[in-house]
Amino acid sequence: QNNPQVSRTLATCPFNARHRVPRAHLRSHVTSCPDKLPLELPPDPEDPEEPPRAWQPPPCREDWDAELSALGLEEPPPFILHVTKGDLPVPC
């Protein structure tokens, strides 16, 4: 900001915006920038070449049919909006 003529000749480092270098030296700065992150993570020495496995859910322990038969109902009660079980007519 103090010297706009010099500022126009500088380029900003893509890894750290505080690094301002002359445009002619940007390529060499990018290759040796200390803030440059590795593009690939190093391989894990404990896990050699094992492909990632797809997530599997745990086995289900619920059995809704068994719960329904334990209640002794032949059919589940119908769902009617804003009506409680006590408001339903009793079948003859």
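The values are calculated or read from the model by the stated rules, or taken from the named source; none is laboratory data. Bear in mind the structure is a predicted one, so any value in this text is a computation, not a measurement. With ideal geometry, Cβ positions are generated from the backbone for all residues, glycine too; neighbour counts draw on all protein chains shown.
Checking the structure you have, find out if any residue of the stretch 65-81 is touching a helix residue (DSSP H, G or I) at 6+ places or on another chain (Cβ under 6 Å) and either at pLDDT 70 or above or basic (Lys, Arg) (or both). Scanning the stretch 65-81 turns up no residue that is touching a helix residue (DSSP H, G or I) at 6+ places or on another chain (Cβ under 6 Å) and either at pLDDT 70 or above or basic (Lys, Arg) (or both). I'd like the full set of residues that are at pLDDT 70 or above, assigned to a loop (DSSP other than H, G, I, E, B) and either surrounded by 10 or more Cβ atoms within 10 Å (Cβ to Cβ) or over 25 Å from the mean Cα position of the chain (by Cα) (or both), limited to the stretch 40-64. Result: 61, 62, 63. Checking 24, 17 one by one, the residue that is surrounded by fewer than 10 Cβ atoms within 10 Å (Cβ to Cβ), assigned to a helix (DSSP H, G or I) and at pLDDT 80 or above is 24 and no other.
Does at least one position in the stretch 1-12 carry a residue that is part of a loop (DSSP other than H, G, I, E, B), at pLDDT below 70 and polar (S, T, N, Q)?
The first filter runs over the stretch 1-12 and keeps only residues part of a loop (DSSP other than H, G, I, E, B), leaving 1-3, 8-9.
Okay, now just the ones that are also at pLDDT below 70, so 1.
If we keep only those that are polar (S, T, N, Q) as well, we get 1.
Yes, some residue in the stretch 1-12 is part of a loop (DSSP other than H, G, I, E, B), at pLDDT below 70 and polar (S, T, N, Q).
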